[in-house]
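A.B. asks: Sharing a structure here in structure tokens format.
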Amino acid sequence: MNSAPLENTCEPAAPQAAQVTVAELWKRYHQDRTSAEAEEALIQQYLPWVKTVVGRVAMTLPPHVEMEDLYSAGLVGLLNAVRNYDPRSNASFETYARLRIRGAVLDELRKMDWIPRSVHAKARKIQAAIQELEQKLGRLPSEAEVAKALGLSLREYEHWLDEVRPAAFVSLDSAGVLDDADSPPQYESVADSQQETPAQKAARRELAALIAERLEQLPEMQRKVLALYYFEDMRLREIAEVFGLTESRICQIHAQAIMAIKSYLIKREAIPE
């Protein structure tokens with residue numbers, strides 16, 4: 001999901017004085033959008049967010065992926081967030097900026113086409129097996145049942161989950177469209193609320209509702225791992241320590257959960273296969 005400077009996902013709490021300074025910077029920037037000084041000051045203030053987002057994505061990437069390219073893309077995302085954020089909207093700047101940064105990083109990854117086709121093929125086989133078994137059993141299948149359907153031992157299936165992990169980590173953020181080079185990334189209809197059409201807003205709400213519906217169906221362990229990773233911003237190692245498991249096992253649980261979510265979205269025709 002990496003070089004040392006990008007691994008720290010903890011953001012130091014800013015003192016009260018810094019909060020006042022940020023508010024003043026925003027006030028100055030909104031009074032004069034042409035103020036390069038105010039814009040640069042805001043960018044510097046939120047740089048740790050770029051490192052956090054890139055660091056989390058980078059944890060699942062192979063060594064050959066250039067972190068500097070992702071960091072540069074993240075900076076562009078942050079700059080666009082500062083320039084396009086509307087303080088009158090209901091969304092906080094942190095939520096808005098993180099989406100724009102993550103979207104820019106994922107878009108850069110799409111351009112790199114760094115995930116081998118064999119990995120995508122295995123991910124699709126897992127998703128198809130989960131979907132077929134669910135229809136047959138009337139419930140989500142276990143890992144052992146999916147492994148058997150694929151003609152694999154449980155150990156071999158766990159190895160598959162390790163292999164598809166990079167695609168699985170990216171897919172929840174990009175809502176599964178990463179597999180389709182001709183489709184626009186889903187974040188484009190999420191990150192910039194000012195650009196959304198009514199149809200895009202409706203599609204986003206429907207997608208969010210479907211994901212929430214599927215989350216309720218997942219085993220408790222999978223729900224907890226997803227919640228801690230995506231909503232509590234905990235790192236994989238930290239989640240492993242919480243449950244007394246290995247980091248590799250937490251990655252497998254995460255991948256199994258994401259494959260189950262994707263199979264459900266494909267079944268509901270919310271995303272392309």
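A.B. asks: Each residue of the range 203-220 in order: what ³J(HN,Hα) in whole Hz does its phi give by Karplus 6.51 cos²θ - 1.76 cosθ + 1.60, θ = phi - 60°, with x for Gly and Pro?
C.D. replies: 5, 5, 5, 5, 4, 4, 5, 5, 5, 4, 4, 5, 4, 5, 8, 6, x, 4
A.B. asks: Normalising by the residue count of the range 57-159, find the relative contact order in percent from Cα pairs under 8 Å and 6+ residues apart.
C.D. replies: The normalised contact order for the range 57-159 reaches 20 percent.
A.B. asks: Follow-up. What full-extension length gain, to one decimal in nm, is calculated for Lys148 and Arg249 as 0.36 nm per residue of separation minus the Cα-Cα distance?
C.D. replies: 34.4 nm
A.B. asks: Extension gain Arg204-Arg139, at 0.36 nm per residue separation less the Cα-Cα distance, in nm?
C.D. replies: 20.8 nm
A.B. asks: Roughly to the nearest percent, how much of the accessible area of the range 23-135 is carbon and sulfur, given a 1.4 Å probe?
C.D. replies: 48
A.B. asks: What Kirkwood radius, in Å to one decimal, follows from the Cα pairs of the range 15-114?
C.D. replies: Across the range 15-114, the inverse of the average 1/r is 14.3 Å.
A.B. asks: A further question on this structure: If packing is taken as the mean number of other Cβ atoms within 10 Å per residue, what is the order of 154-165, 129-140, highest first?
C.D. replies: 154-165, 129-140
A.B. asks: Shifting gears a bit: For the pairs Lys111/Lys136; Lys201/Lys262; Lys51/Lys125; Lys111/Lys262; Lys27/Lys201, flag any whose C-alpha to C-alpha distance is greater than 27 Å.
C.D. replies: Over 27 Å Cα-Cα: Lys111/Lys136; Lys51/Lys125; Lys27/Lys201.
A.B. asks: Could you order peptides 204-214, 44-54 by the average number of other Cβ atoms within 10 Å of their residues, highest first?
C.D. replies: Highest to lowest by the protection proxy: 44-54, 204-214.
The values are calculated or read from the model by the stated rules, or taken from the named source; none is laboratory data. Computed from a prediction, not measured in an experiment: that's the story for all the values here. Cβ: placed from backbone, ideal geometry, glycine included. Neighbour counts: every protein chain shown. The protein model used for the area step is the full one, side chains on, heavy atoms only, and it has no ligands, DNA or RNA in it. Shrake-Rupley method; radii C 1.70, N 1.55, O 1.52, S 1.80 Å.
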